[in-house]
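The values are calculated or read from the model by the stated rules, or taken from the named source; none is laboratory data. Everything numeric here is computed off the predicted structure, so don't read it as measured data. Methodologically, a virtual Cβ is constructed for each residue, glycine included, from the backbone with ideal geometry; neighbour enumeration extends over all protein chains shown.
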Amino acid sequence: MKFKAPKWLSVAPVAAALVISLAACGGGTSEPSGSPTDALAGSDQKSLDTFTTADVTPLDQIDKSKLGLITDGTLRVGTLSDAPPNIFIDPSGKFTGYDNELLRAIGDKLGLKVEFASTDFSALLSQVGNKQFDVGSSSISTTDARRKTVGFTNGYDFGYMAIVTKNDSKVTGFADVKEGLRVGVVQGTVQDDYMTNTLKIEPVRFPDYNTVYGNVKNGQIDAWVAPSQQAEGQVKEGDNTKIAEKVVNTQNFTAYAVNKDNQPLIDALNSGLDAVIADGTWAKLTAEWYKDRPTAAEQTPQGWKPGSKAVQLPAK
């Protein structure tokens, strides 16, 4: 597998590798919503600082009666069931994964119960926006377009984009994407936006990660453009598949989605996030769920860090 390290203060390498003009390459389940956007726009550290808060409200000053929750004392969370290692249901029926366990830890800091329910990613942001859920937890990249629908917490993760293929595929990386290939994405994701609006390639859209990966395995599509975390969670020895390449997709951080008018809840979650960063929980969960990020260097590449600008990771 080819791997390109992130470069936080320059244009992401995908943009350089993919200067391609292509026609549509296959049907999909539906058309993407919204006007054309560049999924890599705003991908420098200066843009991140526009949204990252300078500090947070101390935990003991959070008024839980003002959080506008669907049920007092409970965070009702929309999430996915099939996207390990971030958001999935384990064999016992528990919602788990990196994003969800981190949110549980944040809830503990705030004295809130966390209750998960499964949904499709394509519906999640609108469901948060119309208050069917208090929070959306799904490795959500915080693009400008999405900020028109929902608000976001401070960042807790960063993302890569991957190409998944069969082992004997002629597609060895992003540069091999060309007219005539059937390239799958999960509908409504940053990868859908990137393929459709930045590269002008019509992808084959699927409702969930299991389905798109299954279509790679059975040869119905030539490749899957995926979030790298979900790609690593799906690709298993014996599947005759591989991650051909992964690169930084956007430095727009990953965050929890909240109704954009509910600033008290956004503030509270930011306070809880800083608390789990400061006490070492964030680093512990990151190392536990991302086996390729065991150290601080992998967890905070080239100056990136989670939470507000004020919080510091504990010294080792």
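Given the residues Asp168, Asp208, Asp144, which is the only one that is surrounded by fewer than 22 Cβ atoms within 10 Å (Cβ to Cβ) and touching an Asp or Glu at 6+ places or on another chain (Cβ under 6 Å)?
None of the others qualify; the one that does is Asp208.
Annotation note: of Asp279, Asp239, Asp292, the sole residue that is charged (D, E, K, R) and loosely packed, with under 13 Cβ neighbours inside 10 Å is Asp292. For the condition in the same structural domain as Thr211 (by TED's automatic domain parsing), closer than 22 Å to Gln234 by Cα, touching a strand residue (DSSP E or B) at 6+ places or on another chain (Cβ under 7 Å) and at pLDDT 90 or above, what is the one hit in Val177, Val164? When all the criteria are applied, what remains is Val164.
Checking the condition touching an Asp or Glu at 6+ places or on another chain (Cβ under 9 Å) and free of Cβ contacts under 8 Å to residues at least 12 places away in the same chain, which residue from Thr74, Thr79, Thr96 passes?
Selected residue: Thr96, the only one of Thr74, Thr79, Thr96 that is touching an Asp or Glu at 6+ places or on another chain (Cβ under 9 Å) and free of Cβ contacts under 8 Å to residues at least 12 places away in the same chain.
Flag: Pro294 matches the condition of being free of Cβ contacts under 8 Å to residues at least 60 places away in the same chain and touching a helix residue (DSSP H, G or I) at 6+ places or on another chain (Cβ under 6 Å).
The strands (runs of 3 or more DSSP E) falling completely within the stretch 59-156 that include 1 or more residues that are small (Gly, Ala, Ser) and assigned by TED's automatic domain parsing to the domain that holds Ala257 map to 74-79, 113-118, 135-141.
Any chance the stretch 116-134 includes a residue that's under 25 Å from Gly280 (Cβ atoms) and of a type in the set (Phe, Trp, Tyr)? Spell out how you get there, then give the answer.
Of the stretch 116-134, the ones under 25 Å from Gly280 (Cβ atoms) are 116.
Subsequent filtering for residues that are of a type in the set (Phe, Trp, Tyr) retains 116.
The answer is yes; a qualifying residue exists.
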